[in-house]
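To start, the structure under review is shown below, and the notes come after it.
Quick note: the coordinates plus some simple rules give every number you see, no bench work behind them. All of these numbers come straight from a predicted model, not from anything done at the bench. Here the Cβ positions follow ideal geometry from the backbone for every residue, glycine too, while neighbour counts run over all protein chains shown.
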Amino acid sequence: MRSSEAFVLGMIAGGVVAWRWGREIQRYAEAQTRGMRHRAADRIQAVDDTAGQVLDRGGDTLRRAEGFLQDTKENVSEVLRAGQDIIRPASPPT
């Protein structure tokens, strides 16, 4: 038997098997993978929870950094105003 004949015979046999026992094979595969799919869904939920926690901590850090920058801005403004007052010539007496 040549390889092309074996290929055609294999295609026909595979088609018959799929037609005759396809639903049973599908139910078997679904039953065997049910636990695996459940564990995968649980792991996805764990990743979602962890990502949420990390992003929440990042938000807290950003808020603290924003507060620090605002305080720094106010301090710099005060120092600059004080420097202006020091170097500005006094107004002449009238």
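Annotations for the structure displayed:
- Theoretical ellipticity at 222 nm over the chain - DSSP helices of four or more residues, -39500 (n - 2.57) apiece, nearest 500: -34500 deg cm²/dmol
- For the range 1-76, with +1 on Lys and Arg beta carbons and -1 on Asp and Glu, the positive-most of Ala40, Val76, Val8 along the dipole: Val8
- Cα-centre dipole for the chain with unit charges at Cβ (Lys and Arg positive, Asp and Glu negative), debye to 20: 620
- Once the chain from Ala31 to Asp60 is taken as fully extended at 0.36 nm per residue, the excess over their C-alpha distance is 6.0 nm.
- One decimal place: the segment Glu5-Val76 gains 16.9 nm when fully extended, by the rule 0.36 nm per residue minus the C-alpha distance.
- Crossing angle, helix 3-87 versus the chain [Cα axis fit, 0-90 degrees, rounded to tens]: 0
- Each listed q (0.16, 0.17, 0.22 Å⁻¹) maps to a log10 I(q)/I(0) for the chain from the Debye sum over equal C-alpha point scatterers, namely -0.91, -0.94, -1.07.
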